[in-house]
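Down below is the structure, laid out as structure tokens.
The values are calculated or read from the model by the stated rules, or taken from the named source; none is laboratory data. Keep in mind that this is a model prediction, so the values were computed, not measured. Glycine also receives a Cβ, built like all others from the backbone with ideal geometry; neighbour counts cover every protein chain displayed.
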Amino acid sequence: MSNKSIEDEEINEEPTKPEIQSELIDEELKMQSEATEDEQNKTVEPTDEEHYVVHHWSNSLRLLCTTNKEHELEGCPNNHTKGCLWSPDGTCLLVPFADFRIRLYDLPSELYSTKLSDILSPLPLKAALKIKEGGLIYDICWYPWMSSWDPVTCCFLATSKETPVHLWDAFTGKLRATYRAYNQVDEVDAAISVRFGNDGNTIWSGFKGIVRSFDINRPGRQVDDIVMKTNFPKMHGIVSCIRDNPISPGLLAIGTYSKCIGLYKDGPLCLFETDSGVTQLEFSPCGTKLYSAVRRNNEFLCWDLRNPGKILYSLENRQSDTNQRIQFCISHDGSEIISGGTDGVVRVWKTEELINNTIIPSWNIPITDDCVNGVDIHRTFPILASSSGQRMCDDDERVQDNSVRIWDCSSSVKS
């Protein structure tokens with residue numbers, strides 16, 4: 001079986017110049033359209049009901065937990081990770097690997113019962129579950145209302161090469177359901193990207209030139225198709241990522257490897273053009289901004305959805321000279337953006353430190369000599385999860401570090 005990822009495939013299609021159709025933008029995202037530029041750049045302030053963890057960043061982090069390399073002892077020495085995702089309730093971490101397996105790591109019990117400062121040596125991280133997919137794993141996604149107190153909600157989606165979308169049980173590791181997308185000649189297609197809708201009832205999946213939706217309660221054939229040639233005529237290519245807006249249900253952001261980002265809600269709203277294939281999209285917590293990252297580009301952009309087509313600012317100096325996805329995450333109040341890099345450095349940008357429509361990293365934190373391909377911050381603990389490693393050739397002499405780690409962000413650490 002070929003190990004060539006869809007991320008490495010070059011898209012030969014040249015996108016047509018998109019036209020911004022601002023008159024079609026949904027009225028929900030035009031609220032306060034006369035706001036000043038300062039107001040547009042404000043982050044979400046916590047309410048009395050919300051509590052956000054404060055991270056005390058510095059140029060060095062203290063290691064709390066690390067994997068014991070058991071994934072490299074299973075016959076795959078170049079078994080690099082492919083990102084990491086905390087569960088919505090924060091009890092476990094999901095990590096796909098290059099050996100077609102998804103590993104689930106429970107948050108060590110010591111982190112619940114002990115102060116982080118009292119942990120003197122790194123705790124071992126051992127996979128509680130190992131789930132084998134049928135091919136190279138393209139994408140994963142947690143059920144948005146997942147809670148360990150309710151086992152029915154403990155599940156996640158995965159899509160891989162030449163297989164349908166699978167819904168896995170996060171407690172038992174058993175397959176709960178299969179969602180098969182059928183193409184025009186009634187053959188099963190493999191999704192490249194997958195995402196739960198924020199309501200938890202809809203599954204969105206991306207293919208070449210089409211987005212398909214499923215009802216979570218009706219495994220089997222797709223419910224609906226968004227065909228780009230007809231429903232979104234100025235957009236095309238492989239759909240690499242899909243996101244649902246947190247304040248406007250049903251408003252989708254769709255990214256493709258053919259240098260396009262489209263907004264869709266009951267029809268096409270607008271289209272943005274990017275410099276390269278889109279690898280990740282994220283809405284801000286307030287839903288009025290959209291962050292995008294692309295292949296082989298050391299900056300990523302923040303788009304203003306209240307003024308479609310306008311770039312609010314760019315985030316500079318991220319090292320991402322690769323076709324592989326380098327994951328970034330947004331703090332839960334929207335004030336910080338964190339990303340890995342091919343140089344082994346985690347960078348943190350503060351959204352209020354805007355100068356001439358540009359933000360440079362406030363902290364550059366080296367954590368490994370290999371590529372940091374995934375980062376995710378915890379919602380209730382001041383900790384950061386990271387995954388490292390990258391695809392290498394047999395004659396490549398670069399340092400390999402295929403690891404999953406958890407870092408203490410509760411206090412500054414002297415270098």
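Quick one: would you say residue 279 is out of contact with any Pro (no Cβ under 8 Å at 6 or more places or on another chain), at negative phi and surrounded by 17 or more Cβ atoms within 10 Å (Cβ to Cβ)? Here the answer is yes, as residue 279 does meet what is asked. Scan region 226-236 and give yes if some residue there is outside any loop (DSSP other than H, G, I, E, B) and under 17 Å from the mean Cα position of the chain (by Cα), otherwise no. No.
Quick grid of which residues meet (1) surrounded by 19 or more Cβ atoms within 10 Å (Cβ to Cβ); (2) under 28 Å from residue 272 (Cβ atoms):
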site	(1), (2)
315	yes, yes
332	no, yes
337	yes, yes
353	no, yes
359	yes, yes
372	yes, yes
379	no, no
388	yes, no
402	yes, no
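Every residue, every condition in (1) modelled with pLDDT of 90 or more; (2) at negative phi; (3) loosely packed, with under 13 Cβ neighbours inside 10 Å, yes or no:
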| site | (1), (2), (3) |
| --- | --- |
| 46 | no, yes, yes |
| 54 | no, yes, yes |
| 60 | no, yes, no |
| 72 | no, yes, no |
| 81 | yes, yes, no |
| 97 | yes, yes, no |
| 102 | yes, yes, no |
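Taking the conditions (1) touching a strand residue (DSSP E or B) at 6+ places or on another chain (Cβ under 9 Å); (2) within 17 Å of residue 82 (Cα to Cα); (3) hydrophobic (A, V, I, L, M, F, W, C) in turn, residue 311 satisfies each one other than (2). For region 104-132, the set of residues classified as in a helix (DSSP H, G or I) and either of a type in the set (D, E, K, R) or exposed (fewer than 12 other Cβ atoms within 10 Å of the Cβ) (or both) consists of 110, 112, 113, 117, 118, listed by residue number.
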